[in-house]
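Asks: Below is a structure I'd like to ask you about.
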Amino acid sequence: MRFLVDGDFNNGSLLKLILFCALVYLTIMSITNALLFIDKTGFEAQTIVEQYLGSEEQFRNPASYRGLLEGTHTHLFAAGIMLLLVNHLTVFTGLKQGIKLTLLITSFSSGLLDMASGWLIRFVSPSFAYLKIAAFAAFELSLFCLLAASFMSLALYDRKRP
């Protein structure tokens with residue numbers, strides 16, 4: 001990522017294209033993630049509770065331990081790689097350090113809380129549905145800001161080139 005700082009590297013255009021394409025993929029993934037959440041549960045606590053605890057009226061079983069474990073396992077890897085990339089690129093923007101730090105902490109912590117809240121709803125209390133809503137919203141908002149900042153970092157590179 002050094003090329004974003006000083007522009008001193010070979011094949012810079014190809015690396016920039018790779019990063020741009022990856023950011024487009026991540027943006028589309030973020031949008032589809034939000035659409036899936038809205039379609040599956042929406043922002044209503046009761047619907048989220050039914051997703052994890054099941055519903056006799058809809059003949060829906062509760063989420064299983066294994067199902068939660070598999071989902072968490074997959075999401076930890078994917079979200080971790082995604083956040084590594086966008087947070088790393090955001091470091092190279094002209095944003096103030098406080099904003100960068102806030103985005104970094106918010107993105108990682110809200111992502112973990114989003115994943116943990118399903119476990120908490122299922123095995124502790126349905127009241128954690130509100131945590132799920134808040135964590136999801138914070139995660140998506142911070143991810144949107146990080147993606148925007150990452151796209152900016154690619155644009156800033158052009159200005160630094162001799």
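Any read-out appearing in this document is the output of simple, stated calculations on the displayed coordinates, not a laboratory observation. All of these numbers come straight from a predicted model, not from anything done at the bench. Using ideal geometry, Cβ is built from the backbone for each residue, glycine included, and neighbour counts are taken over all protein chains shown.
Asks: So for the chain, taking the charge dipole from beta-carbon charges (+1 Lys/Arg, -1 Asp/Glu), which of Phe151, Leu141, Pro62 sits furthest toward the positive end?
Replies: Of the candidates, Phe151 comes out farthest on the positive side.
Asks: Can I ask one more? By how many nm would the segment from Ala155 to Leu84 lengthen if fully extended, with 0.36 nm per residue of separation less the alpha-carbon distance?
Replies: 23.6 nm
Asks: Now for a different question. Using Cβ contacts closer than 10 Å as the measure, can you line up Val24, Val91, Val49, Val86 from fewest to most?
Replies: So the residues, fewest neighbours to most, are Val24, Val91, Val49, Val86.
Asks: Would you kindly state how much longer the chain becomes between Gln58 and His75 on full extension, computed as 0.36 nm times their sequence separation minus their alpha carbon distance, in nm to one decimal?
Replies: 3.4 nm
Asks: Based on DSSP H runs of at least 4 residues, each adding -39500 (n - 2.57), what is the mean residue ellipticity at 222 nm of the chain after dividing by all its residues, to the nearest 500 deg cm²/dmol?
Replies: It comes out at -27500 deg cm²/dmol, rounded to the nearest 500.
Asks: Shifting gears a bit: For the chain, with only Lys/Arg (+1) and Asp/Glu (-1) charged at the beta-carbon, what is the dipole magnitude about the Cα centre, in debye rounded to 20?
Replies: Roughly 600 debye, rounded to the nearest 20.
Asks: What's the longest bit of the chain with no exposed trypsin sites (Lys or Arg not before Pro), using DSSP loop states and at most 16 other Cβ atoms within 10 Å as the test?
Replies: 3-95
Asks: While we're looking at this one, here's another question. As I understand it, the value is the acute angle between the Cα axis of helix 97-123 and the longest principal axis of the Cα atoms of the chain; what does it come to in degrees, rounded to 10?
Replies: Orientation of helix 97-123: about 20 degrees from the principal axis.
Asks: Taking the mean number of other Cβ atoms within 10 Å as a proxy for protection, how do you rank 71-82, 109-120 from highest to lowest?
Replies: 109-120, 71-82
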